[in-house]
1. From the backbone phi of region 72-85, what are the Karplus-calculated ³J(HN,Hα) couplings (6.51 cos²θ - 1.76 cosθ + 1.60, θ = phi - 60°) in whole Hz, Gly and Pro given as x?
2. For Leu126, what residues show an amide H to amide H distance below 5 Å, using hydrogens built from the backbone and excluding near sequence neighbours?
3. Check Ala27: other-chain or 5+ apart residues with amide H under 5 Å from its amide H, H built from backbone geometry?
4. For region 22-39, just list the computed ³J(HN,Hα) in residue order, Karplus coefficients 6.51, -1.76 and 1.60, θ = phi - 60°, integers in Hz, with x standing in for Gly and Pro.
5. Could you tell me, in Å, what Rg and Dmax come out for the Cα atoms of region 63-166?
6. Considering region 35-98, what Rg and Dmax in Å follow from its alpha-carbon atoms?
7. Nearest 5 percent is fine: what portion of the DSSP beta bridges confined to region 63-166 is antiparallel?
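What follows is calculated from the coordinates using simple rules that are stated; it is not laboratory data. Worth saying up front: this structure is predicted, and the values here are computed from it rather than measured.
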Amino acid sequence: MRTSTSSQAIPNRLINGTNADVRKRRAKTKIAVRAIRRLQPDCKHHRALWEVEDACVDLAGCDVIMGAIDSFCARRDVEAFCRRHLIPYIDIGMDVQQKSDGKHQIFGQVITSIPGEPCMHCMGFLTETVLGLEAQKYGAAGGQPQVVWPNGILASGAVGLLVDMII
Ligand SMILES: [Zn+2]
């Protein structure tokens with residue numbers, strides 16, 4: 001979501017985000033809860049803004065964890081946590097990179113990491129090179145890339161994997 005407070009601001013990164021949300025700098029998690037409650041008014045949710053290290057107690061009780069994390073290092077840490085607690089992890093990720101002609105390329109993945117099966121290192125997704133270079137690559141498309149549509153595609157795939165896992 002854009003962080004501009006201009007009246008011209010258009011929320012470009014979050015489904016259900018509004019210009020009023022942008023102006024009020026409303027947290028994405030709050031917007032998500034509002035959208036879910038429109039569909040399921042009685043839903044139970046736990047909305048928290050924390051670093052992964054502070055969430056261990058809450059996360060350890062999960063049946064499945066789905067992450068859409070901006071950092072490869074944080075992904076590595078969340079996957080390691082899931083492995084320690086025998087929790088399946090579904091990772092969604094996307095990157096936008098600028099090509100030499102000035103246009104952008106979008107890359108994305110949905111990965112299921114199940115304890116006892118290959119991890120994201122074994123799959124070749126997390127490598128020492130990627131972990132070392134991520135700080136240089138992230139944000140190459142600028143501060144306001146248009147990512148809502150590829151994120152929606154990736155999230156739909158992840159939800160499909162989750163449904164397959166729990167049914
Ligand atoms: Zn492995």
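1. Once θ is set to phi - 60°, the couplings for region 72-85 become 5, 5, 5, 4, 4, 5, 5, 4, 4, 4, 4, 5, 4, 9 Hz.
2. His121
3. It is none; the list stays empty.
4. 5, 4, 8, 6, 5, 5, 4, 5, 5, 5, 5, 4, 4, 5, 5, 5, 5, 8
5. 14.4, 46
6. Considering region 35-98 through its Cα atoms, Rg and Dmax are 13.8, 43 Å.
7. Numbers: 10 of 13 bridges.
Around 75 percent antiparallel, to the nearest 5.
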